Amino acid sequence: MNKLIPSFIMFSVLAACGGDSDVENTDDPVVNNTENDTASVEDKPYVVEIMLDKIENVPAKCEIKGKKVDVYTWKDKNGKNYFIRSMGDYTEIEPEDEYSDRMASQYLYAYHYAEDSEGNFTLLKETTDFVEDCEFDIVMGHELDAITLTDIDKDDMAEVTFIYRLACTSDVSPSTQKLIMLENGDKYPLRGSTQVMGEGGEYKVGEEYDSAPEGFLEHAKKLWSENLKEYDFEL
């Protein structure tokens, strides 16, 4: 696991309302260094520390579904940010008769909230994914150490990038893997599979990267390659 490394940026507070939600399934603790901002206090009204800081509690105004997995916070131009990962309950439907198979479903969530200087909360992005009507075993979870906070384009708004996996499977085979980079409500995904015993590991680059700032895709590819293997054994 890489260590959390703080860096420093300036920011001015942005107040907003509304939210954005994506159901990811339908369309198909690490911080990177940034350079110290040498601008004076007179150039920008606030000097704050941008660091991915793990906390225990979800703020009461942050509405989430499922059970909390972890919570991170940082400060940038949007104010104080909260990134929350959670998991829905595993639910099973009993077969109607002896000729039917049991089916199971489970959901996975991630939320990015921002709190302005007046204590108002904005949902910048909600990511939802799921496995439904699975007659085998559900494999699903956030890759807890695969999370980074960066300001690659140096616009004083951080990019939080995370990875999760999901599958309906009856054997040891690659799971679906997705990497999501979020900045100010915008989403930049890589979608593919894990690597198991040398199989899998490929991904498709989301078209959102066509207009992404320089360096976003390179960062996403690097994080993907560092979190590619699903199992540590070889048969």
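Taking 0.36 nm per residue of separation and subtracting the Cα-Cα distance, full extension of the segment from Tyr99 to Glu226 would add 41.3 nm. A full extension of the chain between Glu214 and Asp53 corresponds to an added length of 55.4 nm, given 0.36 nm per residue minus the alpha carbon distance.
Near Lys61, once Lys and Arg are set to +1 and Asp and Glu to -1 for all other residues with Cβ below 13 Å from its Cβ, the sum equals -3.
In this structure, the pairs whose alpha-carbon distance is over 28 Å, taken from Lys154/Lys229; Lys61/Lys229; Lys54/Lys154; Lys75/Lys221; Lys154/Lys187; Lys61/Lys204, are Lys154/Lys229; Lys61/Lys229; Lys61/Lys204. Can you give the local net charge around Met181? Use residues other than it whose beta-carbon is closer than 10 angstrom to its beta-carbon, Lys and Arg +1, Asp and Glu -1. Result for the neighbourhood of Met181: -3.
Read-outs: derived from the displayed coordinates by stated rules, not from any lab. All values derive from a computational prediction rather than experimental measurement. Virtual Cβ from ideal backbone geometry, glycine too; neighbours counted across all protein chains shown.
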